[in-house]
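Student: Before I ask anything, let me first share the structure, which is written out below as structure tokens.
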Amino acid sequence: MIKDSERIETTVLHKITPSTKEKKQIQEVVASLKKQVMHEIKKTKIRIEIELVGSIAKDTFIRNAVDIDLFLLFPPAVPRETLEKEGLAIGRAILQQQEECFAEHPYVRGLFRGYKTELVPCYKIKTASQKLSAVDRTPLHTRYVEEHLRESQKNEVRLFKQLLKGIGCYGAEAEIEGFSGYLCEIMVLKYGTFQQLVEEVCQWKYGEKLSLKNEPIPDFTSPLIFIDPVDPERNVASAVSHEKFTLLIKACQEYKKKPRLTFFFPNKLLPWPLQKIKEALKTKEFIGVRYPKPDIIPENLYPQIRKAVRAIRELCEQYGFVILDAMFTIEKKNVYIILAPKTRTLPKTVLHPGPPVSLKKNADDFLKKWRDNPRTTKKPYEKDNQWFVEIEREYTDLRELLEDQVRQLSLGKNIDAAILRVLTVVETKSLLRENLRLFWTSYLDRRMSWER
């Protein structure tokens with residue numbers, strides 16, 4: 001008898017596996033791209049080699065999600081400035097709708113004959129120990145997977161990638177903080193099949209350590225550690241956030257219990273009507289900060305916004321405001337950082353604990369600071385061998401604190417003075433608006449993607 005999971009996985013593979021005709025078409029596009037790149041290379045008088053990397057090279061790509069990654073391998077003796085200059089020039093000459101991106105050095109992303117394409121300069125190396133920049137390893141990753149992944153395992157990789165796409169965990173970029181294509185491939189190498197991978201992930205614990213070789217695994221401060229088989233000093237899973245790590249474990253546990261096609265192809269979340277959102281939030285209070293969206297690529301934008309969220313939350317908590325939740329959403333023109341405070345106002349005074357009486361120097365400093373301080377409302381006193389003082393709060397209203405202090409924070413280098421000048425503190429009423437319906441729906445709809 002065929003298990004539900006096997007029937008579902010067969011259906012998924014039928015939908016996502018490229019046909020022979022589609023593969024042939026992509027190979028023709030790649031051949032055309034290589035020809036044009038070689039034409040541009042000849043103009044440089046540098047011995048640059050080209051290598052197709054990524055999922056097309058490894059035949060682990062998914063239908064309708066095709067990215068062409070072509071690397072330009074420069075001799076290691078070429079200066080970094082030359083590599084950057086010539087690499088960008090080649091990309092600019094060939095790709096349409098292009099944008100410059102930055103890994104450890106710049107590269108060009110754009111379209112070639114309708115396909116998303118990246119032309120990335122790197123140095124040609126034989127082993128990871130020779131690397132001059134992080135991207136130099138990528139051709140080694142491609143070769144490793146080509147040599148070790150069996151033909152039968154390519155569809156296992158496709159299944160895992162589609163599961164990750166379905167639950168919102170696919171991609172190591174800053175926007176997602178999930179699992180890269182290479183990490184998917186070496187996880188299938190580790191566990192053999194998709195079914196076995198699901199079984200194993202169900203047992204994962206925070207700080208899980210994995211390797212394809214029998215070797216000691218160093219410590220990294222991340223929820224998942226998978227040692228790169230081509231570079232033992234690197235954790236391939238370093239981009240995986242705690243949120244995405246726990247989400248994958250939950251998804252695998254639920255899939256094992258009750259397999260469903262929606263794990264791979266979830267139903268789209270439809271925004272609730274504004275009135276329903278207002279009704280659901282009527283007992284809650286929010287406050288937010290709105291500023292114009294910086295014109296930078298997502299890879300730079302998301303880390304800066306997350307930094308801003310942390311900085312704003314810490315500011316509030318430093319002044320005694322308990323923040324139950326701190327979130328953000330990026331709209332077409334604006335970034336919103338939204339806080340859910342326990343309370344918007346605080347009492348005028350606060351009890352401020354001091355050092356133990358026995359620590360004489362610390363105690364003297366404490367008394368000197370607070371005995372005649374204008375903010376002191378009740379002189380320092382001793383209780384249970386510890387000093388205390390009652391003082392006036394600097395801020396009793398959260399809005400006032402944000403209005404006064406947010407612009408002094410370090411929120412990210414592209415959230416600069418020009419943006420901060422037009423930064424606005426917004427109340428609940430101004431946050432319950434048409435353009436934020438999808439954000440509030442995802443906040444209020446507690447169902448997992450596969451449950452919709």
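Each row is one residue, and each column tells you yes or no for (1) of a type in the set (A, V, I, L, M); (2) over 20 Å from the mean Cα position of the chain (by Cα); (3) part of a helix (DSSP H, G or I).
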| site | (1), (2), (3) |
| --- | --- |
| Met187 | yes, no, yes |
| Tyr206 | no, no, no |
| Pro216 | no, yes, no |
| Asp219 | no, yes, no |
| Ser222 | no, no, no |
| Phe226 | no, no, no |
| Arg234 | no, no, no |
| Ala237 | yes, no, no |
| Val240 | yes, no, no |
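Student: Which of the following residues is modelled with pLDDT of 95 or more and open to solvent by less than 10 Å² (accessible area, probe 1.4 Å): Gln162, Gln153?
Tutor: The conditions single out Gln153.
Student: Scan Glu215, Glu199 and give me the residue that is among the charged types (D, E, K, R) and either over 24 Å from Thr10 (Cα atoms) or open to solvent by less than 70 Å² (accessible area, probe 1.4 Å) (or both).
Tutor: Sole residue among the options that is among the charged types (D, E, K, R) and either over 24 Å from Thr10 (Cα atoms) or open to solvent by less than 70 Å² (accessible area, probe 1.4 Å) (or both): Glu215.
Student: Could you please let me know if Leu444 is at pLDDT below 95, open to solvent by less than 50 Å² (accessible area, probe 1.4 Å) and within 25 Å of the chain's Cα centre (by Cα)?
Tutor: no
Student: Is there any pair linking a residue in the stretch 1-26 that is free of Cβ contacts under 8 Å to residues at least 24 places away in the same chain and under 21 Å from Leu164 (Cβ atoms) to one that is aliphatic (A, V, I, L, M) and surrounded by 14 or more Cβ atoms within 10 Å (Cβ to Cβ), with Cβ under 7 Å and at least six apart or on different chains, and which?
Tutor: Cβ pairs passing all conditions: none.
Student: I want to confirm something. Restricting to the stretch 316-354 and keeping residues that are surrounded by fewer than 17 Cβ atoms within 10 Å (Cβ to Cβ), within 39 Å of the chain's Cα centre (by Cα) and among the polar types (S, T, N, Q), which single residue is nearest to Gln386 (Cα to Cα)?
Tutor: Filtering first and then ranking leaves Gln318.
Student: Which ones in the stretch 355-403 are open to solvent by less than 50 Å² (accessible area, probe 1.4 Å), assigned to a strand (DSSP E or B), more than 17 Å from Gln318 (Cα to Cα) and of a type outside the set (Ser, Thr, Tyr)?
Tutor: Answer for the stretch 355-403, where residues must be open to solvent by less than 50 Å² (accessible area, probe 1.4 Å), assigned to a strand (DSSP E or B), more than 17 Å from Gln318 (Cα to Cα) and of a type outside the set (Ser, Thr, Tyr): Pro355, Pro380, Trp387, Phe388, Val389.
Student: Here are some residues: Lys276, Lys282, Lys256. Which one is over 30 Å from Glu6 (Cβ atoms) and part of a helix (DSSP H, G or I)?
Tutor: Exactly one residue qualifies, and that residue is Lys276.
Student: Quick test for you: out of Lys244, Lys250, pick the one residue that is farther than 26 Å from Leu140 by Cβ and either touching a residue at least 60 places away in the same chain (Cβ under 8 Å) or part of a helix (DSSP H, G or I) (or both).
Tutor: Lys250
Student: Right, here's the next one. Do we find a residue being surrounded by fewer than 17 Cβ atoms within 10 Å (Cβ to Cβ), in contact with a Lys or Arg (Cβ under 8 Å, 6 or more places away or on another chain) and either more than 30 Å from Thr283 (Cβ to Cβ) or aromatic (Phe, Trp, Tyr) (or both) anywhere in the stretch 425-435?
Tutor: no
Student: Step by step: first the residues of the stretch 404-427, then only those that are assigned to a loop (DSSP other than H, G, I, E, B) and among the aliphatic types (A, V, I, L, M), then the one that is nearest to Glu317 (Cα to Cα). Which residue is that?
Tutor: Leu409
Student: Here is a follow-up. Step by step: first the residues of the stretch 50-92, then only those that are more than 26 Å from Ile186 (Cα to Cα) and of a type in the set (D, E, K, R), then the one that is surrounded by the fewest Cβ atoms within 10 Å (Cβ to Cβ). Which residue is that?
Tutor: Glu81
Student: Which pairs turn up if I take residues in the stretch 106-134 that are on the phi > 0 side of the Ramachandran plot and look for partners that are of a type in the set (A, V, I, L, M) and open to solvent by 40 Å² or more (accessible area, probe 1.4 Å) with beta carbon separation below 9 Å, at least 6 apart in sequence or on another chain?
Tutor: Note: no pairs meet the criteria.
Student: Given the residues Lys190, Lys154, Lys126, which is the only one that is in contact with a strand residue (DSSP E or B) (Cβ under 8 Å, 6 or more places away or on another chain) and among the basic types (Lys, Arg)?
Tutor: Lys190
Student: Looking at the stretch 307-322, which of its residues are without any contact (Cβ under 8 Å) to a residue 40 or more places away in the chain and either assigned to a helix (DSSP H, G or I) or in contact with a helix residue (DSSP H, G or I) (Cβ under 6 Å, 6 or more places away or on another chain) (or both)?
Tutor: Val309, Arg310, Arg313, Glu314, Glu317, Gln318, listed by residue number.
Student: Hey, among Lys284, Lys276, which residue is exposed (fewer than 15 other Cβ atoms within 10 Å of the Cβ), at pLDDT below 95 and basic (Lys, Arg)?
Tutor: Only one candidate passes the filter, namely Lys284.
Student: Filter the stretch 93-132 down to residues that are buried (at least 18 other Cβ atoms within 10 Å of the Cβ), basic (Lys, Arg) and out of contact with any helix residue (DSSP H, G or I) (no Cβ under 7 Å at 6 or more places or on another chain) and give me whichever is nearest to Val30 (Cα to Cα).
Tutor: Arg109
The values are calculated or read from the model by the stated rules, or taken from the named source; none is laboratory data. All of these numbers come straight from a predicted model, not from anything done at the bench. Positions of Cβ are generated from backbone atoms using ideal geometry, with glycine treated the same way; all protein chains shown enter the neighbour counts. Calculation scope for accessible area: heavy atoms of the full protein, side chains included, ligands and nucleic acids excluded. Shrake-Rupley method; radii C 1.70, N 1.55, O 1.52, S 1.80 Å.
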